[in-house]
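Written below as structure tokens is the structure these notes are about.
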Amino acid sequence: MPSEKRLRIKTLVMVFAMIVCANAGDLLLKYGMVQVGTVELTAHGLSQAFWQTVTSPVIWLAIFFLSGFMVSYMTVLSWADYSYVMPAGAFGYAALTFLAVVFLHEPVSPRRWVGVVLICVGVLLVGQTRPRTTEVPSEAAA
Amino acid sequence: MHLQFIAGLAALILGSTGGEIAITRGMKAVEEPSRLRPKAVLQFLARAVRNGWFWTGVPLMALSFFALLLLLSWAPITLVIPASALSYVVGTLGAKFILDEDVSIARWVGVILVCVGVALVAAG
């Protein structure tokens with residue numbers, strides 16, 4: 001497979017992993033914290049919330065996904081441009097809106113739909129540029 | 001209040017983009033994993049956490065997180081998150097001038113559309 005095509009495919013796979021991990025992590029964190037309930041800002045309330053948080057399997061699952069996001073982000077930045085990965089990752093906002101409509105039947109304002117369309121067009125534009133425009137150390141040394 | 005908000009927003013945006021730019025520089029320096037397999041990725045992570053740029057980026061991202069908490073105590077979330085979308089433009093400027101990435105016109109247009117789009121989505 002030509003290296004340019006291979007680079008593009010592995011970059012898109014890692015950006016997809018970033019988006020899935022970030023969205024799953026955020027949703028699980030929110031779900032876990034709702035289970036913990038409103039935290040009282042007293043010594044007793046904070047210590048109770050702390051123990052409920054660290055013993056919650058949902059929160060640990062959220063931490064697992066958010067760690068997965070960080071690892072995939074660091075990995076993709078080792079070969080792809082920051083100015084390519086950062087805007088491409090914004091597709092997560094658009095994906096969350098679709099998920100909210102399909103699974104949660106949430107109403108979405110026209111303003112938010114315009115935002116989703118702009119993100120999709122923007123990500124498509126960035127996506128058709130070259131994922132890497134700088135030299136990598138091994139190429140520079142060669 | 002306005003000056004305080006602008007200073008907080010500047011800390012949020014410069015902290016997050018500065019942190020990510022430092023981490024990008026670090027990750028480029030440690031070289032990518034030889035294969036996308038767990039062992040090679042773990043070896044890559046071990047190299048990454050020994051890189052100085054990684055440890056420059058982490059405190060900057062922590063600063064950005066604390067700035068976000070402060071901003072949320074000063075202003076409504078429907079103002080803070082859309083305003084933070086400016087980091088897409090600031091980050092691209094950093095990528096061009098600090099990381100020497102070649103930002104084409106198509107990429108610039110895409111970044112600006114994403115920035116406006118995220119602001120609109122976050123505003124609800």
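The values are calculated or read from the model by the stated rules, or taken from the named source; none is laboratory data. All values derive from a computational prediction rather than experimental measurement. Neighbour counts run over all protein chains shown; Cβ positions are idealised from the backbone, glycine included. Just so you know, the surface numbers come from the protein's heavy atoms only, side chains and all, with ligands and any DNA or RNA stripped out. Shrake-Rupley method; radii C 1.70, N 1.55, O 1.52, S 1.80 Å.
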| query | Do we have any residue at all in the range B:79-90 that's of a type outside the set (A, V, I, L, M), free of Cβ contacts under 8 Å to residues at least 12 places away in the same chain and assigned to a helix (DSSP H, G or I)? | reply | no
| field | Count of the range B:86-110 residues which are small (Gly, Ala, Ser) and farther than 15 Å from A:Tyr84 by Cβ | value | 1
| Residue list for the range B:66-92, filter: more than 9 Å from chain A (Cβ to nearest Cβ) and under 26 Å from B:Met27 (Cβ atoms) | B:Phe66, B:Ala67, B:Leu68, B:Ser84, B:Leu86, B:Val89, B:Val90
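Sort out which residues of the range B:94-105 are small (Gly, Ala, Ser), at the interface with another protein chain (Cβ under 7 Å from one of its Cβ atoms) and open to solvent by less than 30 Å² (accessible area, probe 1.4 Å), and write them in order of number. Even if it seems obvious, please write down each step before you answer.
The first filter runs over the range B:94-105 and keeps only residues small (Gly, Ala, Ser), leaving B:94-95, B:104.
Those still in the list that are at the interface with another protein chain (Cβ under 7 Å from one of its Cβ atoms) too: B:95, B:104.
Within the range B:94-105, B:Ala95 is the sole residue that qualifies.
Would it be correct to say that B:Thr24 is part of a helix (DSSP H, G or I), at the interface with another protein chain (Cβ under 8 Å from one of its Cβ atoms) and within 20 Å of A:Met86 (Cβ to Cβ)?
Values: part of a helix (DSSP H, G or I): yes; at the interface with another protein chain (Cβ under 8 Å from one of its Cβ atoms): yes; within 20 Å of A:Met86 (Cβ to Cβ): yes.
Here the answer is yes, as B:Thr24 does meet what is asked.
Please verify whether B:Val30 is more than 28 Å from B:Ala7 (Cβ to Cβ), surrounded by 17 or more Cβ atoms within 10 Å (Cβ to Cβ) and out of contact with any Lys or Arg (no Cβ under 8 Å at 6 or more places or on another chain), treating the condition exactly as stated.
no
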| request: Identify all residues within the range A:1-31 that are away from chain B (no Cβ under 14 Å), modelled with pLDDT under 85 and part of a helix (DSSP H, G or I); write none if there are none. | output: A:Glu4
| request: Filter the range A:70-94 down to residues that are more than 9 Å from chain B (Cβ to nearest Cβ) and open to solvent by 20 Å² or more (accessible area, probe 1.4 Å), then give me how many there are. | output: 2
| field | Failed condition for A:Thr129, given (1) more than 14 Å from chain B (Cβ to nearest Cβ); (2) modelled with pLDDT of 90 or more | value | (1)
| said: With the requirement that a residue be without any contact (Cβ under 8 Å) to a residue 24 or more places away in the chain and either surrounded by fewer than 13 Cβ atoms within 10 Å (Cβ to Cβ) or hydroxyl-bearing (Ser, Thr, Tyr) (or both), what does the range A:51-66 give you? | reply: A:Trp51, A:Thr53, A:Val54, A:Thr55, A:Pro57
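Residues A:Val34, A:Val39, A:Val58: which one is more than 23 Å from A:Ile119 (Cβ to Cβ), assigned to a loop (DSSP other than H, G, I, E, B) and either among the hydrophobic types (A, V, I, L, M, F, W, C) or within 14 Å of another protein chain (Cβ to nearest Cβ) (or both)?
Values: A:Val34 fails: assigned to a loop (DSSP other than H, G, I, E, B); A:Val58 fails: assigned to a loop (DSSP other than H, G, I, E, B).
The conditions single out A:Val39.
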| Filter the range B:48-68 for residues that are within 11 Å of the chain's Cα centre (by Cα) and open to solvent by less than 40 Å² (accessible area, probe 1.4 Å); which is nearest to B:Gly19 (Cα to Cα)? | B:Gly57
